[in-house]
Amino acid sequence: MQAVPKLDPNFRKEVEEKVGSADFERCLFCGMCTAGCPYTGLREDLDPRKFMRQIALGMREEVLKSDYIWLCTICERCTINCPMNVNMAEVAYAIRGKFGIMPPGDIMFQCRGIGGAKSQMRVMADWIKSERIKVDKSRNEIPVTYHDPCNLGRKEGVTEEPRFILSSVCTDFRDMRPSGRYNYCCGSSGGALYAAEHEALRISMGKLKAEQIEGTGAKIVATACQNCVEQLEEIDKAYNLGIEVVYIHDLVDRALITS
Ligand code: SF4
Ligand code: SF4
Ligand code: SF4
């Protein structure tokens, strides 16, 4: 018989107080966040709606012991699906640091914010537009697609500049579907995902990305974040995509007219 969970009626309030952005009054428990998460179905505990319900019901022990806190990539794909603007991803992230809990392994890693890439993207786009640098797109004829890093595309809203740059320096740019703010995370990051015991899970979290890339027919995948590059290279090997993974500036460099 399944054990009845102990409920702590003060837990929800405590989470609200410690995690400024958690507003459980707004949550309808509708499950749109779960529908928006690219990893739904991979593991029973990778389920943002279930996590919200556990907090609301006062299931302190289950929440604080949950692997979900460390496996969620904080990519915010669930957040843009939420009709009530509840930032589920921030709730999971903040709980990591506010309840004295430790990650379930030695390796902790989380990519957060890539402000440098944002300004780099804007500068490159401006220089191409103003012809401060001159480029010859015929030097990049292999089909190229772009992976929007969630920190840059979804969280910073930088989606137009990379596409302008790639269309300026490549003859055959192909977008993934979905893309931009709605792009799927690559399945990297997520706190504990780089621990050896989660490697298989991390690779399976990249399957959707592999399918997206294959769907474009592109043989080069450009991106703008080092963590994405590393995971995309692993996805390439695991799913035999036969792609080259590059930074956007590599393609600008190849197209640059220097004399
Ligand atoms: S967080 Fe948003 S999407 Fe998720 S269950 Fe609550 S209201 Fe629905
Ligand atoms: S932040 Fe990303 S990985 Fe975490 S629950 Fe939301 S969509 Fe899933
Ligand atoms: S590695 Fe890239 S796609 Fe994955 S969470 Fe980080 S920014 Fe997002």
*With a probe of 1.4 Å, find how much accessible area the stretch 11-98 has per residue, and write the answer as a whole number in Å².*
43
_Qualifying aspartates and glutamates (Cα of each under 17 Å from Cα of K129; at least 8 residues distant if same chain)_ = E160, E161, D253
_For the stretch 1-109: lysine pairs under 19 Å (alpha-carbon distance), excluding those fewer than 8 apart on one chain_ = 9
*Please report the orientation-averaged projected area of the stretch 69-182, defined via the convex hull of its C-alpha atoms, in nm².*
9.5
*Rounded to 5, percent antiparallel among DSSP beta bridges of the chain*: 20
*asked:* Could you work out what % of the accessible surface of the stretch 11-98 is carbon and sulfur, using a 1.4 angstrom probe and leaving DNA, RNA and ligands out of the count?
replied: 49
*Give me D for the chain in µm² s⁻¹, whole number, from Stokes-Einstein with Rh from the Kirkwood sum over alpha-carbon pairs, 10 °C and 1.306 mPa s.*
81
*asked:* Using all alpha carbons of the stretch 43-89, what is the percent of pairwise distances in each 5 Å bin, ordered from the shortest bin to the longest?
replied: 5, 22, 31, 26, 14, 3
*Along Cα→Cβ, 7 Å out, is where each label goes; now give me the distance between the ones at A56 and T40 in nm to one decimal.*
1.6
_Kirkwood Rh and Cα Rg combined as Rg over Rh, evaluated for the stretch 157-259_ = 0.99
*Distances over 16 Å make up what percent of all Cα-Cα pairs in the stretch 11-98?*
45
*Which FRET efficiency, nearest 0.05, do K6 and D175 yield, Cβ-Cβ r, R0 45 Å?*
0.40
*Phi-based couplings in Hz for the stretch 82-87 (Karplus 6.51, -1.76, 1.60; Gly and Pro marked x)*: 6, x, 10, 6, 8, 8
*Remind me, relative contact order of the stretch 1-68 in percent, using alpha carbon pairs under 8 angstrom and six or more residues apart?*
42
*On full extension of the chain, what length is gained from K134 through E156, given 0.36 nm per residue of separation minus the C-alpha to C-alpha distance?*
5.2 nm
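The values are calculated or read from the model by the stated rules, or taken from the named source; none is laboratory data. Note that the structure is a prediction, hence the values are computed from the model and not measured. Note: ideal-geometry Cβ built from the backbone for every residue, glycine included; neighbour counts use all protein chains shown. Protein only, heavy atoms only, side chains kept; ligands, DNA and RNA dropped before computing areas. Shrake-Rupley method; radii C 1.70, N 1.55, O 1.52, S 1.80 Å.
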